[in-house]
Amino acid sequence: MQRSTAATFAVNPSMTPLPLAQTLRSVVLIGSFPPRRCGIATFTCDVLDALKAAAPTIDCRVIAMTDEGGGHAYGPEVMFQVHQNRAADYLEAARRINDAAPDCVCVQHEFGLFGGPAGEHLMLMLDAVRAPVTTTLHTVLTDPDADQRRVFERLTKRSARIIVMAERGRQILTDVWKVPASKIVVTPHGAPDRPLTDTAEAKARLGLAGHEVMLTFGLLSPGKGLESMIRALPAIVAARPDALYVILGATHPHLIAREGEAYREGLFVLARDLGVGDHVRFHNQYVDTPLLLDWLEAADLYVTPYPNVAQITSGTLSYAVALGKAVISTPYWHAQELLADDRGVLTPFNDPDAMATAAVALLGDPGRMNALRQRAWDAGRETLWSRLAERYLAVFAEVRQQRMPARANGAEPRSFAVNPLPRPALGGVRRMTDGVGMLQHSVYGVPDRNHGYCVDDNARALLLMHRLRAVGMNTPETTTLAETYSAFVHHAWNSDAGRFRNFMAYDRTWLEEVGSDDSVARAWWSVAVTASEAGSPALRLWARELAAKIAPHLDSFTALRTYAFLVLGLASLVRAEPGLSHERELLQRLARGLAGVLRGSETDDWCWFEDGLTYDNARLPEALLRAGLVLDDEALTQAGLNALHWLCGRQTGVGGVFRAVGTRNFGLPFTVAAPFDQQPLEAAATVDACAAALAATGDRWWLGEARRAFDWFLGKNDLGVPVGDPLTGDCYDGLTPDGPNLNRGAESVLSFQLAACAMLVLERLAEPAARPADKASTEDRSAERCPTSPTVTSASRPTPRASSFGLSTLLQIPDR
């Protein structure tokens with residue numbers, strides 16, 4: 001049953017009156033925008049103009065969606081343009097919106113307008129925006145696919161109000177999508193205010209005098225039923241020889257890109273073959289609103305022959321009704337409501353005969369046509385842009401109190417599902433390992449033999465084997481893998497040079513005699529940990545012997561991260577064997593040297609070892625913390641806590657998520673402004689450093705920071721997409737502005753698995769019986785982003801209880 005006008009134009013009765021709405025300060029619209037040519041762009045522009053006319057004091061600005069490969073010279077209303085498939089643009093847009101602090105954000109939503117699966121990139125922006133969101137739906141699906149359902153449900157939950165343009169939209173939202181009725185507002189598509197006039201003057205201006213004009217308008221593309229109307233023309237022309245069907249509008253740009261003008265040419269051939277070629281006129285041009293209104297005024301009949309019922313709105317139909325046109329339409333949803341109560345004529349879908357009968361009847365009965373026009377024009381008063389602006393402003397005023405609070409550190413909270421910690425999985429490790437060792441790189445999921453091996457990754461893999469033992473995954477496979485990686489590290493040692501080699505080609509030839517200082521130190525670290533923690537006595541003996549050979553060469557390095565890796569290895573050895581006097585002295589000297597660099601570099605707002613952040617950053621404070629624990633040196637511990645606390649604050653993205661320091665910051669002093677590219681290495685290092693801080697302080701806040709860093713792998717990141725696969729253990733090579741780097745190399749896989757092991761151990765500490773709690777451990781220090789942390793003393797520092805093997809190994813808690 002068709003609904004009445006009152007139901008069609010229903011508005012939430014609790015809406016704020018317009019005078020209060022005019023107290024709004026600013027609004028941001030999100031949608032496409034001219035000069036981009038599409039229906040959403042026109043609608044967004046019309047909404048902007050209507051809001052400005054209704055409330056001139058409101059600052060109305062636009063986030064403009066730009067299609068892939070496009071670029072437009074936008075006007076001053078546009079505060080930022082978002083390229084459809086560039087994920088980083090959505091985050092930058094959120095930042096600019098938050099800086100502007102609008103009372104409300106209004107999204108014009110259409111499938112295909114936003115990037116990502118089913119437009120999911122939009123949620124990157126909306127999840128990071130503090131302002132309340134209202135969303136205008138231009139399409140409401142009844143049979144979505146899985147991606148569409150997932151994304152649309154997120155959108156409806158994030159939206160404080162959802163605006164639809166027809167009662168059928170409200171019904172679908174409540175019945176199919178289970179959206180609360182209180183969230184839904186029905187506001188008809190806007191239309192211009194023009195008087196009801198005769199067609200003669202407009203026909204004369206457009207060269208249409210003497211014709212009975214039937215008009216269809218819109219970007220030309222298949223699926224609009226134009227073929228049905230052309231097939232109706234022979235019968236219409238037979239009865240009304242002066243009839244002329246005008247198809248007004250340019251071919252859709254996406255269709256042009258795919259096939260040129262083939263579709264338009266096909267329509268012309270159809271008309272010619274039916275003998276009505278002279279009664280069809282194509283105007284292949286993009287029509288702005290003033291010219292469109294002239295064409296509408298000239299039309300005797302307006303025709304929308306759409307072949308599908310599932311169309312929730314038609315802007316051209318709204319315009320035609322508001323101008324008082326006699327309309328013939330198929331009964332799609334919007335037409336059923338807008339043309340009810342004899343405001344137009346509905347004909348069956350894909351029925352040229354019915355359309356011809358309706359057109360001939362109206363053109364032959366001026367009295368009936370004029371009465372129908374008057375009823376349409378009267379109903380159109382409720383759809384004017386001025387009325388839409390009143391309703392929108394009332395909605396904005398109603399929801400503006402629902403602003404999301406900012407966290408004390410300036411990061412806006414975002415909502416994510418809580419995921420259980422995954423157990424380590426070795427699928428990625430197996431994929432990247434052969435009989436020689438672990439290959440470096442991967443092309444997507446295929447190991448890339450062109451780049452061979454490196455000692456860096458085999459050292460990391462050896463460390464992982466010990467971590468797996470710490471979490472109870474000591475299996476024959478992990479034992480074999482540990483031996484494989486140990487053999488590679490052993491072969492990499494160049495005794496003549498007193499250094500490790502790093503790069504090996506796939507044919508097992510070394511590509512250098514001496515590796516980088518960092519690779520040498522990381523290899524040492526793996527040997528030292530093997531000497532102190534390996535489950536196999538044979539591996540321990542091998543590692544201790546090799547460590548003794550390496551030890552005399554450890555005091556000739558100067559790079560900061562080299563220092564850190566050396567300290568981490570030395571701390572492991574000295575913790576296991578406190579009587580190693582040479583190693584203890586070297587550990588103390590290197591760690592204090594690292595702390596001295598920090599003291600000499602830090603400023604009031606830059607608590608770091610150097611003037612920039614690069615890679616594996618958290619290893620620097622971790623080294624101080626591990627050394628402080630083993631040496632019982634409070635100054636080292638406090639320095640590590642201060643630096644790590646400061647770093648955690650800098651590693652925070654929009655919404656409070658962990659943001660690994662972007663590689664585009666490398667080489668730039670005193671900044672972490674560039675959010676990309678983000679690498680798994682940083683998240684894993686932060687997890688380990690926070691574990692050390694927890695061991696040093698007993699403060700469970702560090703447990704939360706470790707989890708925040710680990711959750712980066714699971715999708716709690718700037719892009720909201722998973723980087724690691726918990727089922728296989730594979731991991732992408734990071735996040736770029738356009739999404740994940742889909743390669744899955746050794747460093748990334750190992751980082752994910754090392755972090756997974758660490759988190760499982762830390763999860764045990766989350767149990768109430770795992771260790772004593774103190775006042776500091778329960779404080780909410782989400783706002784503490786350095787440069788200092790609470791002072792730690794040996795008397796006040798609680799000692800986490802190592803209730804099983806693995807806790808002391810991973811946390812490196814010294815014997816007391």
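Summary of computed values
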| item | result |
| --- | --- |
| Solvent-accessible heavy-atom area per residue, rounded to whole Å², over the chain at 1.4 Å | 37 Å² |
| Cβ charges +1 (Lys, Arg) and -1 (Asp, Glu), total dipole of region 330-409, debye | 620 debye |
| Centre separation in Å (Cα based) which lies between region 239-293 and region 183-204 | 23 Å |
| Per-residue HN-Hα couplings for region 50-64 [Karplus 6.51, -1.76, 1.60; θ = phi - 60°; Hz; x = Gly/Pro] | 5, 5, 5, 5, 6, 9, x, 7, 6, 7, 10, 10, 10, 9, 9 |
| With all protein chains modelled, accessible area of Ser182 [1.4 Å, Å²] | 80 Å² |
| Antiparallel content of DSSP bridges confined to the chain, in %, to 5 | 25 percent |
| Simple spin-label estimate for Ala371 and Asn350 in nanometres, 7 Å along Cα-Cβ | 3.5 nm |
| For region 662-718 versus region 603-632, the gap between their alpha-carbon centres in whole angstrom | 13 Å |
| Candidate residues His109, His72: accessible-area rank, largest first, probe 1.4 Å | His72, His109 |
| Fully extended contour minus Cα-Cα distance, from Ala100 to Thr475, at 0.36 nm per residue | 129.4 nm |
| Contour minus Cα-Cα distance for Arg423 and Asp59 (0.36 nm per residue) | 125.9 nm |
| Degrees between helix 455-470 axis and first principal axis of the chain (Cα, 0 to 90, nearest 10) | 80 degrees |
| Tyr444 versus Thr558: modelled label distance in nm, points set 7 Å from Cα along the beta carbon direction | 4.6 nm |
| Top positive-direction residue, dipole computed over the chain with Cβ charges, set Pro578, Pro737, Pro552 | Pro578 |
| Matching label, Rg/Rh (Cα atoms, Kirkwood Rh) computed from the structure shown, candidates (1) 0.96; (2) 1.12; (3) 1.00 | (2) |
| Sparse-neighbour loop sites [trypsin sites (Lys or Arg not before Pro); region 468-538; at most 14 other C-beta within 10 Å; DSSP] | Arg508 |
| Theoretical FRET efficiency, 1/(1+(r/R0)^6), r = Cβ-Cβ of Ala146 and Thr174, R0 30 Å, to 0.05 | 0.90 |
| In Å², nearest 10: area of Met759 left accessible to a 1.4 Å probe | 10 Å² |
| Potential lengthening between Glu201 and Glu545 on full extension [0.36 nm per residue; Cα-Cα distance subtracted] | 113.7 nm |
| For Ala528, net neighbour charge (Lys/Arg +1, Asp/Glu -1) across residues whose Cβ lies under 12 Å away | +2 |
| Across Lys157/Lys178; Lys157/Lys183; Lys157/Lys224; Lys52/Lys157; Lys157/Lys716, pairs whose alpha-carbon gap is larger than 21 Å | Lys157/Lys224; Lys52/Lys157 |
| For the chain: relative contact order, % (alpha-carbon pairs under 8 angstrom, 6 or more apart) | 11 percent |
| Cα centroid separation - region 130-171 against region 484-547, whole Å | 57 Å |
| Approximate spin-label separation Glu577-Leu291, in nm, with each point projected 7 Å along Cα-to-Cβ | 8.6 nm |
| Crossing angle, helix 701-714 versus the chain [Cα axis fit, 0-90 degrees, rounded to tens] | 60 degrees |
| Highest-first arrangement of 89-95, 221-227, 65-71, 734-740, where packing means the average Cβ count within 10 Å | 89-95, 734-740, 221-227, 65-71 |
| Positive-end extreme of charge dipole, region 413-539 - chosen from Leu468, Thr433, Met504 (charges on Cβ) | Leu468 |
| Lys, Arg +1 and Asp, Glu -1 on Cβ, resulting dipole of the chain about Cα centre, debye, nearest 20 | 1460 debye |
| Percent antiparallel among DSSP beta bridges (both partners in region 105-225, rounded to 5) | 0 percent |
| Nearest-10 value in Å² for the accessible area of Phe710, using the 1.4 Å probe | 0 Å² |
| Accessible-area composition of the chain, carbon plus sulfur, in percent [1.4 Å probe] | 53 percent |
| Cβ crowding within 10 Å averaged over residues, with 138-150, 389-401, 531-543, 122-134 ranked highest first | 122-134, 389-401, 531-543, 138-150 |
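The values are calculated or read from the model by the stated rules, or taken from the named source; none is laboratory data. Nothing here was measured: the structure is a model prediction, and the numbers come from that model. Note that we place each Cβ from the backbone using ideal geometry, even for glycine, and neighbour counts take in every protein chain shown. To get the accessible areas, we keep the full protein, side chains included, count just its heavy atoms, and leave off ligands, DNA and RNA. Shrake-Rupley method; radii C 1.70, N 1.55, O 1.52, S 1.80 Å.
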